[in-house]
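*Asks:* Got a structure here, written out as structure tokens. Questions coming.
The values are calculated or read from the model by the stated rules, or taken from the named source; none is laboratory data. Note that the structure is predicted; figures quoted are calculated from it, not measured. Here Cβ is always computed from backbone atoms with ideal geometry, including for glycine, and neighbour counts include all displayed protein chains.
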Amino acid sequence: MANNKYLLEVFWSDEDDGYIAIAPDLPGCSAFGNTPVEAIEEMNDAVNAWLEAWVAMGRELPKPISKPQLAMAA
């Protein structure tokens, strides 16, 4: 189920000593990577698994609601 239209956020985690990717619109959906790119690649699989489980529970796919916000450097 390739449905990667959801916002992904990637950040460094000191606790995990690596990068964490989350999809704010998909509660509990996250992935880990040693690099930001690896976290995103892992997240593609996590999003697909999350969506498949959601549909298997008889639920409609959630509509993406999060909007990316651009941060401007001072």
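*Asks:* Among the residues of the stretch 2-19, are any closer than 21 Å to Trp54 by Cβ, buried (at least 16 other Cβ atoms within 10 Å of the Cβ) and small (Gly, Ala, Ser)?
*Replies:* No, that holds for no residue.
*Asks:* Output the residues belonging to the stretch 16-51 that are among the charged types (D, E, K, R), out of contact with any strand residue (DSSP E or B) (no Cβ under 8 Å at 6 or more places or on another chain) and at pLDDT 95 or above.
*Replies:* Asp17
*Asks:* Scan the stretch 32-64 residue by residue and report those that are loosely packed, with under 13 Cβ neighbours inside 10 Å and either polar (S, T, N, Q) or in contact with a Gly (Cβ under 8 Å, 6 or more places away or on another chain) (or both).
*Replies:* Asn34, Thr35
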